[in-house]
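The values are calculated or read from the model by the stated rules, or taken from the named source; none is laboratory data. The shown structure was predicted, so the numbers you read here are calculated from the model rather than taken from an experiment. Reconstructed Cβ throughout: ideal geometry from the backbone, glycine too, with neighbour counts over all protein chains shown. For accessibility, only protein heavy atoms count, side chains too; no ligands or nucleic acids. Shrake-Rupley method; radii C 1.70, N 1.55, O 1.52, S 1.80 Å.
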Amino acid sequence: MREFFQVISIRKVLDMAGRFPLAGTEEVEVFQACGRILAKDVVSKDNVPAFARSTMDGYAVSASSTFGASEGIPAMLEVAGRVEMGTTPEFSVGPGQAALMPTGGMLPEGTDAVVMVEHTEILDDKTIEVYKSVAPLGNVLDVGDDVKKDEVVLKKGVRLRPQDLAVAASVGEPILSVYKKPIVGIVSTGDEVVSADQEPGPGQIRDMNTYALGGLCHQAGAEYRSYGIVGDDPQALRQACEKALNECDMLLVSGGSSVGARDHTIEVIEGFENSDILVHGVSISPGKPTILAKVGDKQVWGLPGHVTSAMVVFHAMVRPFIHHVAGYEGGDGVVSVPAKLARNVPSVQGRTDYVRIRLVEKDGELTAEPIFGKSGVIRTMVEADGFIQVDLNEEGLDPGTMVRVDLFEK
Ligand SMILES: Nc1nc2c(c(=O)[nH]1)N[C@H]1C(S)=C(S)[C@@H](COP(=O)(O)OP(=O)(O)OC[C@H]3O[C@@H](n4cnc5c(N)ncnc54)[C@H](O)[C@@H]3O)O[C@H]1N2
Ligand code: MOO
């Protein structure tokens, strides 16, 4: 008889991520770097801005020239010049003087504030009245107010957002070092599985896992490639896996991960040189018959054939492993919301249960409605907004319990 699973906890599986090396790095133009994982800290070589700039259209002044100015007793200032954008003013402004100032222009020597044009009146070519005093640095972005020289503006391991690209550009980094996206190969197995464009014969079903897993890889920031549907034939499975392992950083094989007569994933993985089976069985439901192996430096996952189980396993374990290989250090990235459980959720101690949840707003409060169903039923996932987890040590949850719902990415 075949050896049954040696079931281990999700935590123990996650602790194994460090055994796999990170994907290499590459350089990309900052304009193309959105969503990529930064591989090197970005340190500013300069102060930003490098000069004191006006944030308003108006007049550059020494703030002290405006002290006490009001509607009733305006300050009269002499216009000493006009600041041109993108140049250094070639004049200075003394006490009792002002310079015409565009938004973003460089403050001339002798000034430390800008009076908004709305608070002034032109008397003649050379004189203005100021109706409101301005504090030192009022309406001014001072040297280094945005970014200081030698400051770390972006830390290695972040997923670059549009604002991160902007700050990189502002400190003069047109090219960024980012991690290569891991490439994930996907193999679906089963004599009964046919592709989406085929008409299933008697006893056959259309492939769902390739598509669900591809989408999940995309959301996790990986590239993904399908290596087709392979029948329950160890020879054919080995060939498909070999090709995928040669071309990809990691491999997902769905179906055949259990211990039935036609479940060949484990023997095929074991058959590879330098293969080390790290996991065969995880205390998770659904998804218990999960395999993780290290083949050379690469991850091979055997995922349960049931589509929901495969998706749960991906969410709980494959995704964090992809993040590890991708160099991502920004936490699990899962957004969760608190909600009140609408009904009881039974569970068995000693395993982590993932329960699909539909969120419903009732009287301004979020209610978590569990969606129960067999793990081969994709509709339960389509109708769900996220999962809750019922911990290893819990024996189920009562109605009214506040739970955290991990939301699916939209
Ligand atoms: N004696 C036991 N039998 C089973 C156990 C067990 O503990 N002892 N666990 C059950 C659980 S739980 C699951 S989950 C399945 C997982 O088995 P496999 O990973 O070997 O998956 P298959 O048997 O190949 O397929 C299961 C199910 O999923 C359908 N499937 C497979 N691939 C696809 C695909 N690409 N798209 C859509 N559907 C797919 C397949 O037709 C089966 O219906 O094992 C239980 N058995
Ligand atoms: O673990 Mo199976 O994956 O319960 O459906």
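With the condition kept exactly as written, say whether any residue in the stretch 227-234 is touching an Asp or Glu at 6+ places or on another chain (Cβ under 9 Å) and in contact (Cβ under 8 Å) with a residue 60 or more places away in the chain.
no
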Fill in: Subset of the stretch 24-56 (residues that are open to solvent by 90 Å² or more (accessible area, probe 1.4 Å) and either outside any loop (DSSP other than H, G, I, E, B) or more than 30 Å from residue 113 (Cβ to Cβ) (or both))
27, 29, 31, 32, 40
Worksheet, complete the sentence: With criteria (1) without any contact (Cβ under 8 Å) to a residue 24 or more places away in the chain; (2) assigned to a loop (DSSP other than H, G, I, E, B), residue 21 comes up short on (1)
Worksheet entry | Which listed residue, of 340, 374, is within 16 Å of ligand 1 (Cβ to nearest atom), surrounded by fewer than 16 Cβ atoms within 10 Å (Cβ to Cβ) and of a type in the set (Lys, Arg) | 374
Worksheet item: Which condition number in (1) touching a residue at least 60 places away in the same chain (Cβ under 8 Å); (2) within 16 Å of ligand 2 (Cβ to nearest atom); (3) buried (at least 18 other Cβ atoms within 10 Å of the Cβ) is the one that residue 245 fails?
Response: (2)
Response to the item:
Picking from 345, 355, 312, the residue that is in contact with a Leu (Cβ under 7 Å, 6 or more places away or on another chain) and surrounded by 16 or more Cβ atoms within 10 Å (Cβ to Cβ) would be 345
Worksheet item: Of (1) over 28 Å from residue 249 (Cβ atoms); (2) of a type outside the set (Ser, Thr, Tyr); (3) modelled with pLDDT of 95 or more; (4) open to solvent by 80 Å² or more (accessible area, probe 1.4 Å), residue 362 satisfies all except one. Which?
Response: (3)
Fill in: Neighbours by Cβ (under 8 Å, 6+ apart or cross-chain): first from the stretch 187-214, at positive phi; second near ligand 1 (Cβ under 9 Å from one of its atoms) and not in a loop (DSSP other than H, G, I, E, B)
190/229
Discussion item. Suppose we filter 266, 284 for residues that are touching a strand residue (DSSP E or B) at 6+ places or on another chain (Cβ under 9 Å), open to solvent by less than 10 Å² (accessible area, probe 1.4 Å), within 11 Å of ligand 1 (Cβ to nearest atom) and in the same structural domain as residue 209 (by TED's automatic domain parsing); which single one remains?
Written reply: 284
Worksheet entry | Filter result (within 14 Å of ligand 2 (Cβ to nearest atom) and among the hydrophobic types (A, V, I, L, M, F, W, C)) within the stretch 348-383 | 348, 355, 372, 377, 378, 381
